[in-house]
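Let me begin by presenting the structure, written as structure tokens, before commenting on it.
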Amino acid sequence: MKPVDKFTLGLELPTDPRWINIAEKNIEDILVDHAYCEQKAASSCISLIIQYPEKERLVEMLTPVVAEEWAHFERVIEQLRKRGYKFGHPRKDEYAEELYKVIVKGGSREQQLVERLLMNALIEARSCERFKLLWKNIGDQELSIFYYELMVSEAGHYKNFLQLAREYMPDDYVTKRWNELLAQEAEIMKRMEVRGDRMH
């Protein structure tokens, strides 16, 4: 696996620079979408724990991640309330929908688990990259600090998912699938419209 910057995490295609400018003008939409992203991240970890309770290392590593992701959700809600924004309805997550299409179906129970772990790692990596852009470029200083803190946390979650994948399948298998998913994610990003009302 090629060396990566701590907060780019190997992504092959950086976010279009137009995204941050549009996002800052639509910060209410970004915060609402972000809240749902944190909620889904917590739910995904809970689902893995429920479906793979016999994987002791997985349960051990993901249980605190559930708590952290839910704490992030609560913090995003707090940022919405501070600014007088409403917590609106969820939007269609086109990014996640496209990623799920490239998941390999079938295979052993361990292969299915690794697919899900790598998908979660990829979503965390893209989230981390977007948080970095918000931290470095947004004019709202409170939100800038907020996104720096979340960037560091999401980088840790990304590492957790990759580490767990290597617990259940050989390194060469995980590396091959990870590199394939990185390439597929880059193609998805090329096709997607640059929208400032979504975190992804």
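Scanning the stretch 36-66 for residues that are of a type in the set (A, V, I, L, M, F, W, C), in contact (Cβ under 8 Å) with a residue 60 or more places away in the chain and farther than 13 Å from HIS157 by Cβ turns up just one, LEU58. Going by the conditions given, is TYR85 surrounded by 13 or more Cβ atoms within 10 Å (Cβ to Cβ), out of contact with any Phe, Trp or Tyr (no Cβ under 8 Å at 6 or more places or on another chain), among the aromatic types (Phe, Trp, Tyr) and in contact (Cβ under 8 Å) with a residue 60 or more places away in the chain? Here the answer is no, as TYR85 does not meet what is asked.
When every residue of the stretch 67-82 is checked against the conditions, none turns out to be in contact (Cβ under 8 Å) with a residue 40 or more places away in the chain, surrounded by fewer than 19 Cβ atoms within 10 Å (Cβ to Cβ) and in a loop (DSSP other than H, G, I, E, B).
Against the numbered list (1) under 30 Å from GLU28 (Cβ atoms); (2) buried (at least 18 other Cβ atoms within 10 Å of the Cβ), ILE145 comes up short only at (2).
Which condition from (1) touching a His at 6+ places or on another chain (Cβ under 6 Å); (2) modelled with pLDDT under 95 is the one that GLU38 breaks? If we test GLU38 against (1) touching a His at 6+ places or on another chain (Cβ under 6 Å); (2) modelled with pLDDT under 95, just (2) comes out false. Contact map, the stretch 114-133: residues that are within 9 Å of TYR158 (Cα to Cα) and charged (D, E, K, R) paired with residues that are modelled with pLDDT under 95 and in a helix (DSSP H, G or I), Cβ distance under 6 Å, separation 6+ or inter-chain. Pairs shown: GLU124/GLU154; GLU124/HIS157; GLU124/TYR158.
The values are calculated or read from the model by the stated rules, or taken from the named source; none is laboratory data. Predicted model, so just to flag it, every value in this text is computed and none were measured. Counting neighbours? That spans all protein chains shown, and the Cβs are built from the backbone with ideal geometry, glycine included.
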